[in-house]
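Please treat every number below as a calculation from the coordinates, not as lab data. The structure presented is a predicted model; accordingly, all values stated were derived computationally and were not measured. Glycine gets a Cβ as well: all are built from the backbone with ideal geometry, and neighbour counts include every protein chain shown.
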Amino acid sequence: MKYFIIQIITLFAIFNFSEQVFQQNDLIQENDKQNQHNQQKKVLLLGLDGLDYRQLSNGITNGELIGLSQFTYQKSYCGGEIGTPTEQPVKSGPSWMTILTGNWMNQHHVSTNLSGPTQETKSIYRYIKQANPGSNLAIVSHWSVIENKLLRNDRQDIDIIQQILSDENDNNIYEKWLRTLKNGIPDFTFFHFNDIDHSAHLQGFGETVNTKIINADKVIQKIMLKIKELISQNQNLDFLVMLVSDHGRDKYGWTHGNTIKQYYSEKLTWIGTNQPQIFNDEFFLPSTAPIQKLNSIYNFPPITNIVPTILNYLEIDYKKENINGISMIGDIGQ
């Protein structure tokens, strides 16, 4: 009898403990839902024009790039797939249009640095503004072609435009960005750094270009420190910071896309993120692409993946058939 009573007491204790565990799990799940609901998501897309993957990798390895070393990187490619309808020039205009729309040139029709998109072309600004009309969207640009030509369809969707003027340089980007924060943190901000590409076209790889890269790195350090400060003031803030370059460079760093033939070093670019933990295998695991050319460059995620990734992070629905890229956040294949 005594043994039986002990068993009953033990079973009751186990049941009571299990019930407490379930209640605690329910509370944790409820808190997680509440935290997600309270999250204020912000996106910064930092575009470093013409920063060659080799220079980025070497600078981080050598300990010269403190700001850029804070991110996780994957190789990427521009220029579409050679010999298919997606092939496009390895130039800044077509590449930035692809980065900002999620589509190749056969969709947006920007073929040079001076041409604009077709009237039907939608950029990430339009996608966000249509989904959330009250959203606050900004751009800090050191190449006026982007806001005046490439984004001409969607200029009305950009709430704040901060231009780097002709007598200024990439060092002014940070102060210009601070201006966008005066009336609240924009939900999405695109940055364009231009000094690296400009210097490389003039002098090729060398000390001058290295200095421009280090200068950009210092600006990025300031941006990341400011983000930490903003989060310390508001724990609900959640920043996704992504980095990308529009193209690589030739062997000596002088040029890119000046011939019909596409070369590996010119097509090779890169994508970076401050939140690798939310990225999926579309980012981390090189695939086996049907086209195995140029050192299997097509195994890496293309620059078209930027827009769907940001839209998924912001929980904005979009028609998958309207975007060439695939999200690197969420379920594979989105």
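General observations
- Rg [Å, one decimal], Dmax [Å, integer] - the stretch 187-334, C-alpha atoms: 17.5, 52
- Between 0 and 90°, nearest 10: helix 2-38 axis offset from the chain longest Cα axis: 30 degrees
- A dipole drawn for the stretch 40-322 from +1 and -1 charges on Cβ atoms has a positive end, and of 111, 258, 214 the residue lying farthest that way is 111.
- Student exercise, the stretch 40-322 dipole from Lys, Arg, Asp, Glu Cβ charges, in Debye to nearest 20: 120 debye
- Among the listed options [x] -0.77, -1.21; [y] -0.69, -1.29; [z] -0.82, -1.36, the one matching log10 I(q)/I(0) by the Debye sum over Cα atoms at q = 0.11, 0.15 Å⁻¹ as calculated from these coordinates is [y].
- Against the chain, whose longest principal axis comes from its Cα atoms, helix 92-101 is set at around 30 degrees.
- Full extension of the chain between residue 182 and residue 315 yields a length gain of 45.3 nm, computed as 0.36 nm times the residue separation minus the alpha carbon distance.
- Close amide H contacts of residue 243 (hydrogens built in the peptide plane, cut-off under 5 Å, sequence separation of 5 or more or a different chain): 46, 272, 273.
- Here's the picture: a label point sits 7 Å out from the Cα of residue 275 along the beta-carbon direction, and within the stretch 107-150 the residues with their amide nitrogen under 17 Å of it are 128, 136.
- Unsatisfied cross-links (Cα-Cα over 30 Å) in the set 251/320; 212/251; 91/228; 42/251; 182/319; 129/251: 251/320; 91/228; 42/251; 182/319; 129/251
- Of the residues 275, 224, 285, the one whose Cα sits farthest towards the positive end of the charge dipole of the stretch 218-334 is 224 (charges of +1 on Lys and Arg Cβ, -1 on Asp and Glu Cβ, taken about the Cα centre).
- Put simply, when 240-253, 258-271, 62-75 are sorted by average Cβ atoms within 10 angstrom per residue, most first, you get 240-253, 258-271, 62-75.
- Its Cα gyration tensor gives the stretch 253-296 an equivalent ellipsoid, and the semi-axes of that ellipsoid, as √(5λ) in whole Å with the largest first, are 26, 16, 6.
- Annotation for the stretch 152-244: trypsin sites (Lys or Arg not before Pro) lying in DSSP loop with at most 10 further Cβ atoms inside 10 Å of their Cβ are 182.
- The stretch between residue 61 and residue 208 holds 51.0 nm of extra length on full extension. This uses 0.36 nm per residue minus the Cα-Cα distance.
- Rounded to 10°, Cα long-axis angle of helix 207-233 versus longest principal axis of the chain: 30 degrees
- Rg/Rh for the stretch 107-168, where both radii come from Cα atoms and Rh is the Kirkwood radius: 0.99
- Antiparallel bridge percentage (DSSP; both residues within the chain; nearest 5): 30 percent
- Taking every DSSP helix (H) stretch of at least 4 residues in the chain, weighting each as -39,500 (n - 2.57) and dividing the sum by the residue count yields a mean residue ellipticity at 222 nm of -12000 deg cm²/dmol.
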